[in-house]
Amino acid sequence: MRITLGVTGGVAAYKAAELVRLLQQDGFTVQVVMTRGAREFVTPLTFAALSGQKVITDLFEKSPAGEANLESAIEHIAVAQRTDLLLVAPATADILAKFARGIADDFLTTLYLATTAPVIVAPAMNVNMWNHAATQENVEKLRTRGVKIVNPDEGYLACGMTGAGRLAGQQEIVAAVRETLHAQRDLLGETILITAGPTCEDLDPVRYLTNRSSGKMGYAVAEAAARRGAKVSLVSGPVTLDTPAGVERVAVRTAEEMRRAVSDRLPESTIAIFAAAVADYRPAEMHTEKMKRNKEPLTIRLVPTPDILAEAAQTKGDRLIVGFAAETDHVAENARKKLAAKSADLIVANDVTAEGAGFDHDTNIVTLFARDGRDLALPKLSKSEVAQRILDEVLRLRSALREKTASHHRSAV
């Protein structure tokens, strides 16, 4: 895929050089377009050397004789037609205003109006400029037109001030690119069952046992799967999240209710992803009235809840089964044990004590353990990006399974 990277005139322009390298590592071809201001911070030669592509700096390039090059006059149309995505990083307040108002006075602004490809902008500027009502109005206008905004980070700025305005992390920008370009329909024909959130096991009408799961990871997988064309059923414990567009949500409370909902929908599913944090135990007795406090110690007898993942795997057939393992120690060892014990095809494991990987975070740090022996460790990513990577691995396993089945049939013939 081909990405056009617009670099505008801000101190953060130097960070775009590393961004080129990261995008190339993901397999993208990158062509850089620089504004006049950007050339005050970084030379075009730097980006040409890194990208291996021509760097475009002017709407009208001059011939050696000083005459306008006719071919360059329409080059913005050619670039607009062949790019798969336009990424502007850093994006100054000036470029945001021009995009929002439809001003086309250089190559980048003209390209923006000419392209029908997805557009992502990553703003970077002084905190007061970012917070100014005019800038926020322009950002909102671009959002309503479908432009994806990667909001700036907060921190110490080049101007000496502290606050929002620093260019977002490069991994976050790359994740936004991946998420946008993964909005393809490569899961058409698949019916995916996903569980998410916690379960609540009642002790009495007031109290219950639960865990800290927010459901964000499971919901991110459901949203990503639906965008990629799958028919998605989301069996969810109690959470405060909105149902993703195009997803059937089945609300449950207890592990037993989740078990029944999964059992009802599993037969029609081609892929089952168990991201829910199901309570391992429930009270042996549910009191019909509130248990009164007294000064004596209280002992509660707990009994195991159903193992929904293991039960689903027993009748998996050609269905792909994905489980999750939230661990606090020996993550790889425990994940591989779960992979074998549950007869799963993929286990998504993480250390919930790691910074940025625990419950209720918007990011996660996971390793994917596949049944075919492949282990894929991912850096800290947004849960949306982790969801995309999980689905990528599911598709890889699906393709391998189909090839194995086809090879078996060919051998039998």
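The values are calculated or read from the model by the stated rules, or taken from the named source; none is laboratory data. Quick caveat: nothing in here was measured; it's all calculated off a predicted structure. Heads up, the Cβs are rebuilt from the backbone with ideal geometry, glycines too, and the neighbour counts pull from every protein chain shown.
Do we have Arg207 as in the same structural domain as Ile300 (by TED's automatic domain parsing), closer than 23 Å to Arg282 by Cβ, among the charged types (D, E, K, R) and out of contact with any Cys (no Cβ under 6 Å at 6 or more places or on another chain) here?
When the stated conditions are applied, Arg207 passes them.
If you check every pair at least six apart or on different chains, which have Cβ atoms under 8 Å apart with a residue in region 323-346 that is outside the structural domain of Arg374 (by TED's automatic domain parsing) and outside any helix (DSSP H, G or I) first and a residue that is at pLDDT 95 or above and not basic (Lys, Arg) second?
none
Among the residues of region 1-30, write down those that are surrounded by fewer than 20 Cβ atoms within 10 Å (Cβ to Cβ) and among the polar types (S, T, N, Q).
Within region 1-30, Gln24, Gln25, Thr29 meet the criteria.
Going by what's in this entry, would Val55 be described as farther than 15 Å from Phe107 by Cα, of a type in the set (Val, Ile, Thr), at pLDDT below 95 and buried (at least 20 other Cβ atoms within 10 Å of the Cβ)?
Answer is no for this residue.
Inside region 347-373, can you point out the residues that are assigned to a loop (DSSP other than H, G, I, E, B), modelled with pLDDT of 85 or more and either at positive phi or in contact with a helix residue (DSSP H, G or I) (Cβ under 8 Å, 6 or more places away or on another chain) (or both)?
Val366, Arg371, Asp372, Gly373
One residue is enough: does region 284-296 have a residue meeting the conditions crowded, with 17+ Cβ neighbours inside 10 Å and touching a residue at least 60 places away in the same chain (Cβ under 8 Å)?
no
Looking at Arg207, Arg178, which is the one that is modelled with pLDDT of 90 or more and of a type in the set (Lys, Arg)?
That would be Arg207, the only listed residue that is modelled with pLDDT of 90 or more and of a type in the set (Lys, Arg).
Look through Arg265, Arg319, Arg249 and report the one residue that is in contact with a strand residue (DSSP E or B) (Cβ under 9 Å, 6 or more places away or on another chain), at pLDDT below 95, under 21 Å from Glu190 (Cβ atoms) and charged (D, E, K, R).
Of the residues listed, the single one that is in contact with a strand residue (DSSP E or B) (Cβ under 9 Å, 6 or more places away or on another chain), at pLDDT below 95, under 21 Å from Glu190 (Cβ atoms) and charged (D, E, K, R) is Arg319.
Residues of region 114-146 being at pLDDT 90 or above and either in a loop (DSSP other than H, G, I, E, B) or under 19 Å from Leu19 (Cβ atoms) (or both), which ones?
Across region 114-146, the qualifying residues are Val119, Ile120, Val121, Ala122, Pro123, Ala124, Met125, His132.
Tell me, please, whether a residue that is among the charged types (D, E, K, R), buried (at least 17 other Cβ atoms within 10 Å of the Cβ), more than 28 Å from the chain's Cα centre (by Cα) and not assigned by TED's automatic domain parsing to the domain that holds Ala175 can be found in region 273-283.
Yes, some residue in region 273-283 is among the charged types (D, E, K, R), buried (at least 17 other Cβ atoms within 10 Å of the Cβ), more than 28 Å from the chain's Cα centre (by Cα) and not assigned by TED's automatic domain parsing to the domain that holds Ala175.
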